[in-house]
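Visitor: Here it is: the structure, laid out below.
The values are calculated or read from the model by the stated rules, or taken from the named source; none is laboratory data. All of these numbers come straight from a predicted model, not from anything done at the bench. A quick note on method: Cβ atoms are made from the backbone with ideal geometry, for glycine too, and the neighbour counts reach across all protein chains shown. Quick note on the areas: whole protein, heavy atoms, side chains included, nothing else; ligands and nucleic acids left out. Shrake-Rupley method; radii C 1.70, N 1.55, O 1.52, S 1.80 Å.
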Amino acid sequence: FSKSFWNLRKLEDVHQYQLASEDVLTRVEFLRVLPPEGEARGVIRKSGAQWKATIHPWLPKSLEAKPTEAIMKIDVEVSWQGRSGPLNVKLEAIKRASIGYDHFDLQQAIENALPQ
């Protein structure tokens, strides 16, 4: 019985962090403009888990020609200290977006994308 309870708690933890990673991914997908490449990191307030979002071109693979739009690949990872060691959840998506070549604060854009 105690093993089942421990497994249930572990599953609840993974579900909580899955939802947190989906929140970060949704925030990035909500942005209309993305940088040509970038990475942002933050902390999930309620749990202390760490999140990281990475953006890079998917199509075209290079933005040397500075197109105004591109299909971008978004990778989101949420990491936390589990009961048996470090754990993480990774999500990825692609998104068509306008590309902002001027200074772009990805961290701030993600944090302000949706109300908390």
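Visitor: Just need a number here: residues in region 92-104 that are open to solvent by 40 Å² or more (accessible area, probe 1.4 Å) and either in contact with a helix residue (DSSP H, G or I) (Cβ under 6 Å, 6 or more places away or on another chain) or among the hydroxyl-bearing types (Ser, Thr, Tyr) (or both). Can you show your working first?
Guide: As a first pass, look at region 92-104 and keep what is open to solvent by 40 Å² or more (accessible area, probe 1.4 Å): 92, 94, 96, 98, 101-104.
From what's left, either in contact with a helix residue (DSSP H, G or I) (Cβ under 6 Å, 6 or more places away or on another chain) or among the hydroxyl-bearing types (Ser, Thr, Tyr) (or both): 98, 101.
Final tally of qualifying residues: 2.
One line per residue, one yes/no per condition, for (1) at pLDDT below 95; (2) in contact with a helix residue (DSSP H, G or I) (Cβ under 9 Å, 6 or more places away or on another chain); (3) open to solvent by 90 Å² or more (accessible area, probe 1.4 Å); (4) part of a helix (DSSP H, G or I):
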site: Val14; (1), (2), (3), (4): yes, no, no, yes
site: Leu19; (1), (2), (3), (4): yes, no, no, yes
site: Gly48; (1), (2), (3), (4): yes, no, no, no
site: Thr54; (1), (2), (3), (4): no, no, no, no
site: Lys90; (1), (2), (3), (4): no, yes, yes, no
site: Glu111; (1), (2), (3), (4): yes, yes, no, yes
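Visitor: Give me the residue from region 33-46 that is open to solvent by 90 Å² or more (accessible area, probe 1.4 Å) and modelled with pLDDT of 95 or more and, out of that set, farthest from Leu91 (Cα to Cα). Quick ask: steps written out before the conclusion?
Guide: Restricting attention to region 33-46, the residues satisfying the condition of being open to solvent by 90 Å² or more (accessible area, probe 1.4 Å) are 37, 39, 41, 45-46.
Those left that are additionally modelled with pLDDT of 95 or more: 37, 39, 41.
Values: Glu37: 17, Glu39: 15, Arg41: 15 Å.
The qualifying residue farthest from Leu91 (Cα to Cα) is Glu37.
Visitor: Taking the condition touching a residue at least 40 places away in the same chain (Cβ under 8 Å), at negative phi, of a type in the set (D, E, K, R) and open to solvent by less than 60 Å² (accessible area, probe 1.4 Å), does Arg27 pass? Steps first, please.
Guide: Values: touching a residue at least 40 places away in the same chain (Cβ under 8 Å): yes; at negative phi: yes; of a type in the set (D, E, K, R): yes; open to solvent by less than 60 Å² (accessible area, probe 1.4 Å): yes.
The answer is yes for Arg27.
Visitor: The conditions are (1) at pLDDT below 95; (2) at positive phi; (3) open to solvent by 80 Å² or more (accessible area, probe 1.4 Å), and Gly85 fails exactly one of them. Which is it?
Guide: With respect to (1) at pLDDT below 95; (2) at positive phi; (3) open to solvent by 80 Å² or more (accessible area, probe 1.4 Å), Gly85 is out only on (3).
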